[in-house]
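What follows is a set of notes on a single structure, which appears directly below.
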Amino acid sequence: MRSHIAEPSLPPPGSAPAHPAHKAEFGRERPTAAGARALRRLADHVNTHALALLRLTVGIVFLGFGVLKLFPSASPAEQMAVDAATKMTLGLVPETVLLLSLAALETAIGIGLITGGRLLRPALVAFFLHMGGVFSTLFLLPDAMWQPHSPAPTMEGQYVVKNVVLVAVCLVVAADAWGSRSRSSRRPDGPDREQR
């Protein structure tokens, strides 16, 4: 029994292929390349302004939450914050004063992060101190922070734990801010002298 294999026919030299699928693919190449260029430009733009973007977004969050605490019952975290602050101050400070102090602190941190400049470093110090207080609620208010007989956090606990993202962002911002100060304090001829 003979098997017959058909050889593909090739177009004559110099003629363009007329396959419709090839034309459709060729038409899609240009928008994809343009899209890739646009994505690269966007990535370059975000990369150039990444630190400012991080600083501004955390500042807006803090400013918003701080302003909310100025209005009674407007902030969902209000009672939790007051309860934790009351335990930290051993109940010696009235709740109204505690809430207004927290509102002022968060608002000031937000303004410092948004404006940057000379306010940035004090705002970062206040931010990290404030985060110490925020995370202490996981231990000061265990019944509110953790589900009974389970290591899983409650909704309030999740509200606190998610602040690790803000801490990570501000660590990056602080590393740049404090790193730029140490770089600017170095004399330009310092490395050359060390090499000599």
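The values are calculated or read from the model by the stated rules, or taken from the named source; none is laboratory data. Note that the coordinates shown come from a computational prediction; the quantities given were computed from them, not determined experimentally. Cβ: placed from backbone, ideal geometry, glycine included. Neighbour counts: every protein chain shown. Heads up: the accessible areas ignore ligands, DNA and RNA and are worked out on the full protein's heavy atoms, side chains in. Shrake-Rupley method; radii C 1.70, N 1.55, O 1.52, S 1.80 Å.
Give, in nm to one decimal, the length gained when the segment between Val165 and Leu129 is fully stretched (0.36 nm per residue of separation minus the Cα-Cα distance).
Residue separation times 0.36 nm, minus the Cα-Cα distance, leaves 11.4 nm.
Kindly state, to the nearest 0.05, the FRET efficiency for Ser136 paired with Leu56, given R0 = 22 Å and r defined as their beta-carbon distance.
Efficiency at R0 = 22 Å is approximately 0.20.
Surface calculation, 1.4 Å probe, protein heavy atoms: Thr89 sits at approximately 40 Å² accessible. Here the gap between Ala104 and Arg41, fully extended at 0.36 nm per residue and compared with their Cα-Cα distance, gives a gain of 18.7 nm.
Computed extension gain for Ser73 through Thr154, at 0.36 nm per residue and net of the alpha carbon distance, reaches 27.1 nm.
Protection proxy ranking, highest mean first, for peptides 51-59, 159-167: 51-59, 159-167, where packing is the per-residue count of other beta-carbon atoms within 10 Å, averaged. Modelled label positions at Val97 and Val82, each set 7 Å beyond Cα in the direction of Cβ, lie 1.5 nm from each other.
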